[in-house]
Amino acid sequence: MHIAPHDNKNQAIVDADDPTVPLNYFNIVKLKAGEAFEYQVPGYETGIVPATGTVDVSVEGVEFKALGNRTADVWDGEPEGVYVPVGAKVTMVATRDTETFIAGAKYDKVLDPFDVRVADIDKVQYGSDDTKTHRKIKHILGTKYHGKVGRLLVSELFTVGQGGWSGFPAHKHDTDRLPLETRHDETYNFRFKPNHGSGVQIIQHEEGKPGDAYQLMDGSTILLKSGYHPCAVMPGYEMYYFTILGGLSQRSLVQYFQPTHAYQVETIPGIKDMVAKFK
């Protein structure tokens, strides 16, 4: 499902118990310096990640100051985040104008809040220019936080260079059938550089049969309930997408590669390292 770019007025784009991706929550909050925003999401753990700007965050009275360092766009610096336990009351105060992502996953236990700073970001780069699959992933709430986070995985994905494919070889994660695959709902928010760039999201629901394709613009949101889901960016443009994964029965993601293309796991450099970072 594609949600076109729009002014969400700080209201959830993907709310609790969404009919397409019920395991996910997603909001974009825009604040001017000095403005505040409060939220609480019962039944969901969340992560706060400034796309741009800086915020002070209070989670049930626990303070995390000066979160976020980027100015112009998501390419301008490294991400930072705060983990928010299920149902916790949160106040964010902008110390610089900000656009801030709030990512969430359904969970039923209350853990402790913590922050993730630039030095804590777990990075992986894979693919190649030759295979048109070169990209970089910055894990904010990645596998290093197993035990501190319930079901939520949060990362940022960047194409390396202009043009090319991401999410390839095509894979899915819509069914709990370990050890082959896990059920993880997924939500993306896309950005392009320059921002008049564009891309395409493919969702193929059944092997050997045509699926759906959505044109992506700067600010597009994609909800992934099922199917194989590679995406691509036009030549001459860089692509970024903020990624939220929420697991049904476990946090570790097990991707099932589309049989038609699975052999390319062996031919695209670094794919296995990428897969390991989500487990």
Go through the range 196-238 residue by residue and tally those that are in contact (Cβ under 8 Å) with a residue 24 or more places away in the chain and acidic (Asp, Glu).
3
The correct count of residues that are part of a loop (DSSP other than H, G, I, E, B) and within 19 Å of the chain's Cα centre (by Cα) in the range 29-83 is 12
Can you confirm whether the range 121-128 contains a residue that is part of a loop (DSSP other than H, G, I, E, B), of a type in the set (Val, Ile, Thr) and more than 13 Å from His139 (Cα to Cα)?
no
Of the residues that make up the range 194-213, is at least one exposed (fewer than 15 other Cβ atoms within 10 Å of the Cβ) and β-branched (Val, Ile, Thr)?
yes
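Kindly indicate whether Thr187 is in a strand (DSSP E or B), in contact with a His (Cβ under 6 Å, 6 or more places away or on another chain) and in contact (Cβ under 8 Å) with a residue 40 or more places away in the chain. Walk me through how you get there before you give the answer.
Details: in a strand (DSSP E or B): yes; in contact with a His (Cβ under 6 Å, 6 or more places away or on another chain): no; in contact (Cβ under 8 Å) with a residue 40 or more places away in the chain: yes.
The answer is no for Thr187.
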Looking only at the range 259-274, filter to residues that are within 12 Å of Gly167 (Cβ to Cβ) and assigned to a helix (DSSP H, G or I); which one of those is modelled with the lowest pLDDT?
Met274
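State yes or no: is Thr98 among the β-branched types (Val, Ile, Thr), in contact with a Leu (Cβ under 9 Å, 6 or more places away or on another chain) and surrounded by 20 or more Cβ atoms within 10 Å (Cβ to Cβ)?
So Thr98 fits the description; yes.
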Condition check: part of a strand (DSSP E or B) and more than 18 Å from Thr243 (Cα to Cα). Does Thr175 satisfy that?
yes
Report yes if Asp56 is surrounded by fewer than 21 Cβ atoms within 10 Å (Cβ to Cβ) and closer than 26 Å to Leu216 by Cβ, otherwise no.
no
Of Leu153, Leu67, the only residue that is within 18 Å of Pro50 (Cα to Cα), in contact (Cβ under 8 Å) with a residue 12 or more places away in the chain and in contact with a Leu (Cβ under 7 Å, 6 or more places away or on another chain) is Leu153
Return yes or no: is Val265 over 25 Å from Lys144 (Cβ atoms) and either buried (at least 16 other Cβ atoms within 10 Å of the Cβ) or of a type in the set (A, V, I, L, M, F, W, C) (or both)?
no
Just to be sure, is His173 within 20 Å of Ser155 (Cα to Cα) and either touching a His at 6+ places or on another chain (Cβ under 6 Å) or without any contact (Cβ under 8 Å) to a residue 40 or more places away in the chain (or both)?
yes
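The values are calculated or read from the model by the stated rules, or taken from the named source; none is laboratory data. Remember, it's a predicted structure, so these values are computed and weren't measured experimentally. Reconstructed Cβ throughout: ideal geometry from the backbone, glycine too, with neighbour counts over all protein chains shown.
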